[in-house]
Amino acid sequence: MPMKLRLPIIFAAVLVLAAAVYVAVSLALSPAGAQALLSLPGQRRDFTLIPATELPSTQADLFGTVIEKRDNSLMLRPIAKTAGQENNPPVELVLAAGTKVFLDTTSDRTGTIVNGMLQQTLETLDPNNIAPNDTIVAWGQRRGDRLTAEVVVDERNH
């Protein structure tokens, strides 16, 4: 192959590979992350979330990923908020009869961002519809490695 053709072919191959990596990373991220990466320049990507009125005003007691379902309990792997907490032991999340369970339906694509603020929206969720790998935020009474939930939000879309 002549030297004049070799360099443009290599350059084109590198560009195609870079585009493929970009698309793969975008798809691997959460929908919100993918939306931010794929949005056009000049589109708004940042906003402040106004918590739904159904949620407690205090900070959540547990934030984690469902690793197992058992009867009225979910085993969660807490998500580390700071470095050095990657190997947190699982926490049992007990869903009592009075536990309020919601699905976070907030979307920056369909919601209206006003003055940099987006209202969080929730729907009631049947606890049986919570699945492994869902991301859960919970408020309740914690004793050791068990939290009896008062309010649970499934953030599977985020």
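Throughout, read-outs are computed from the coordinates displayed, never taken from laboratory work. Please read these numbers as outputs of a predicted model, since none were measured by experiment. Cβ coordinates were reconstructed from backbone atoms using ideal geometry, including for glycine residues, and neighbour counts include every protein chain displayed.
Computed extension gain for Arg142 through Ser57, at 0.36 nm per residue and net of the alpha carbon distance, reaches 28.9 nm. Only the Cβ atoms of Lys and Arg (+1) and of Asp and Glu (-1) were treated as charged; on that basis the dipole of region 48-154 about its Cα centre amounts to roughly 220 debye. Distance between the modelled labels on Asn115 and Ile10, one decimal in nanometres: 5.7 nm (7 Å Cα→Cβ projection).
Amide H contacts for Lys100 (H built 1.01 Å from N in the peptide plane; partners 5 or more residues away or on another chain; cut-off under 5 Å): Val151, Val152.
Of the GluC sites (Glu not before Pro) found in region 86-142, those that fall in a DSSP loop while having at most 12 other beta-carbon atoms within 10 Å are Glu86. Across region 48-154, the mean sequence separation of Cα contacts (distance under 8 Å, 6 or more residues apart), normalised by length, yields a relative contact order of 35 percent. Between Thr65 and Ala80, the contour length at 0.36 nm per residue exceeds the alpha carbon distance by 4.3 nm. For region 126-155, the residues whose amide N sits under 12 Å from a probe point set 7 Å from the Cα of Leu49 along the beta carbon direction are 135-138, 153-155. Per-residue Karplus couplings for region 146-152, computed as 6.51 cos²θ - 1.76 cosθ + 1.60 with θ equal to phi - 60°, are listed in order as 9, 10, 8, 7, 9, 9, 10 Hz, Gly and Pro entered as x. Computed 3J(HN,Hα) for region 116-132, one whole-Hz value per residue from the Karplus formula 6.51 cos²θ - 1.76 cosθ + 1.60 where θ = phi - 60°, is x, 10, 10, 6, 6, 10, 10, 10, 5, 10, 6, x, 5, 8, 6, 10, x, glycine and proline marked x.
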